Amino acid sequence: MEIQITKTTTPKAKPGADVKLGFGNYFTDHMLIMNYDEGEGWHDARIVPYGPIALDPAAMCLHYGQEVFEGMKAYKTPDGGVQLFRPEKNMERLNVSNERLCIPLIDEAFCVEAIKKLVDIDRDWIPEAPGTSLYIRPFIFAIDPHVGVHPAKHLMFVVILSPVGAYYPQGINPVDIYVEQKYVRAVKGGMGFTKTAGNYAASLKAQDEAEKLGYTQVLWLDGVDRKYIEEVGTMNVFFKIGDEIITPELSGSILSGITRMSCIELLKSKGYKVTERKISVQELFDAHENGELKEAFGTGTAAVISPIGTFEWNGKKITVADGGIGEVSQMLYDTITGIQCGKIKDEYNWVQKI
Ligand code: COI
């Protein structure tokens, strides 16, 4: 499919090097759009000036949440180049989400190429300060003007770009986490393994209450036994207990994070013992009690590697080790961001240059 390109005639001012970008506050000059119509498939891929999208008030995404999204990043390398980190994995996961939400599958290779084209057009927006990148947000939503509950026949695929800094204001400094006992995020058979807006809507109440208590995020437990650790609000989670690095197994209600996958591969290649298994919150607190809990950290595209300083559960608060940044977390942060930004040799074939 050809991609039609219409460049803006009124480029926006880019945030200056002295501006604290935060996360998701600025958007570039262009966006990618593609439409799906039943009988025609995905068509009309086009890069156009960034701007509002007209939607019928009856558009089905607004009523029943038939929407999926992805999160990925582009990085500037020291030689002035631009590269993406495992973009094919994001498109693969987008199709996993599509399948669950009755959204027509996309052509993964085509979408990677289209995203590269968009990033190339807006490459001057990629920030260069340490810890910054260009966040790429592909998303698909149902646009049929129809207030009946059925899979859509008409959808839009859109990609927008946002220069970002750290997701958490703490940066790589440890975050404090509240173990959620009242609300659940997902159950097996539901949509927890997909990246869909509803999963995040379901998390807002718990997140809001945890923030009021002074916590950065919540740690979700399984929705049935309310015992087993699933994931943190916007990240997968890892623990170092003794010399074992444990992350909850992908049970059907947990997002299969690309940073999670990369950390597992990297740790194994460096000889660490990594186990994907069920881990209960009781085991975590017992490990702390026994002095065996050495580290805890979250992983995600937005959050990168985020050490966890404290957990609160059942009215009890524990601090992980000395509450600082653990050795494994620091190594993973340095290696993953080093590869992403082209400062460390990519021995894993993860990056794709634009
Ligand atoms: C990501 O890590 O890319 C995410 O999508 C998390 C989030 C900002 C919702």
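The values are calculated or read from the model by the stated rules, or taken from the named source; none is laboratory data. Since this is a predicted model, take the numbers as computed values, not measurements. Methodologically, a virtual Cβ is constructed for each residue, glycine included, from the backbone with ideal geometry; neighbour enumeration extends over all protein chains shown. Only protein heavy atoms, including side chains, enter the accessible area calculation; ligands, DNA and RNA are left aside. Shrake-Rupley method; radii C 1.70, N 1.55, O 1.52, S 1.80 Å.
Once the Cβ-Cβ distance of Glu88 and Glu249 is raised to the sixth power relative to R0 = 30 Å, the FRET efficiency obtained is 0.80. Restriction of the trypsin sites (Lys or Arg not before Pro) in segment 259-331 to DSSP coil positions whose beta-carbon has at most 16 other beta-carbons within 10 angstrom yields Lys270, Arg277, Lys278. A straight Cα-to-Cα reach below 16 Å connects Lys270 with the aspartates and glutamates Asp243, Glu244, Glu327, Asp334, Asp346, Glu347, residues fewer than 8 places away in its own chain not being considered.
When the accessible area of segment 1-51 is split by element with a 1.4 Å probe, what percent falls to carbon and sulfur? Write out the running numbers ahead of the final one.
Numbers: 1520 of 3130 Å².
Its accessible area is 49 percent carbon and sulfur atoms.
Pairs from the table (Lys12/Lys343; Lys240/Lys316; Lys240/Lys268) lying more than 18 angstrom apart at Cα are Lys12/Lys343; Lys240/Lys316.
The C-alpha atoms of the chain define a longest principal axis, and helix 87-100 lies at about 90 degrees to it.
Relative to the present Cα-Cα distance, how much length would full extension add between Asp225 and Ile3 at 0.36 nm per residue of separation?
Value of the extension gain: 75.0 nm.
What is the percent carbon and sulfur in the accessible area of segment 105-174, measuring with a 1.4 Å probe over the protein chains and ignoring ligands? Carbon-and-sulfur percentage of accessible area, whole number: 55.
Three principal axis extents of segment 175-340 based on alpha-carbon atoms, in descending order, are 37, 33, 26 Å. The GluC sites (Glu not before Pro) of segment 14-98 that meet both conditions, a loop assignment by DSSP and at most 15 other Cβ atoms within 10 Å of the site Cβ, are Glu38, Glu40. Under 10 °C and 1.306 mPa s, how fast does segment 196-289 diffuse according to Stokes-Einstein, given a Kirkwood radius computed over C-alpha pairs? Answer in µm²/s, whole number. Translational D for this selection: 111 µm²/s. Here the accessible area is traced with a 1.4 Å probe on the protein chains. For segment 239-354, carbon and sulfur cover 45 percent of it. Here the simple spin-label model places points 7 Å from the Cα toward Cβ, and for Lys316 and Gln181 these points are separated by 1.1 nm. Spatially, segment 207-250 and segment 274-349 are offset by 11 Å when compared through their Cα centroids.
When the listed pairs Lys20/Lys294; Lys227/Lys294; Lys182/Lys278; Lys7/Lys345 are checked against a 27 Å cut-off, the alpha-carbon distance exceeds it for Lys20/Lys294; Lys7/Lys345.
The alpha carbon centroids of segment 173-193 and segment 103-170 are separated by 24 Å.
Dimensions of the chain based on its C-alpha atoms, expressed as ranges along the principal axes with the largest first, amount to 61, 52, 36 Å. Given their separation in residues at 0.36 nm each and the Cα-Cα distance between them, Tyr200 and Lys12 gain 64.7 nm when the chain is fully extended. Taking the longest Cα principal axis of the chain as reference, the axis of helix 327-340 is set at about 20 degrees.
On the basis of the beta-carbon distance and an R0 of 41 Å, Lys278 and Lys153 show a calculated FRET efficiency of 0.50.
Normalised by 2.2 N^0.38 Å, where N is the number of residues, the C-alpha radius of gyration of segment 12-159 stands at 1.11. Ligands, DNA and RNA are left out, and with a 1.4 angstrom probe the accessible area of the chain is 44 Å² per residue. Here segment 224-251 is scanned for amide nitrogen atoms under 15 Å from the site 7 Å beyond the Cα of Glu327 along Cα-to-Cβ, giving 240-245.
Amide H contacts of Gly192: Val187, each under 5 Å away and 5 or more positions distant or on a separate chain (H built 1.01 Å from N in the peptide plane; Pro and chain starts excluded).
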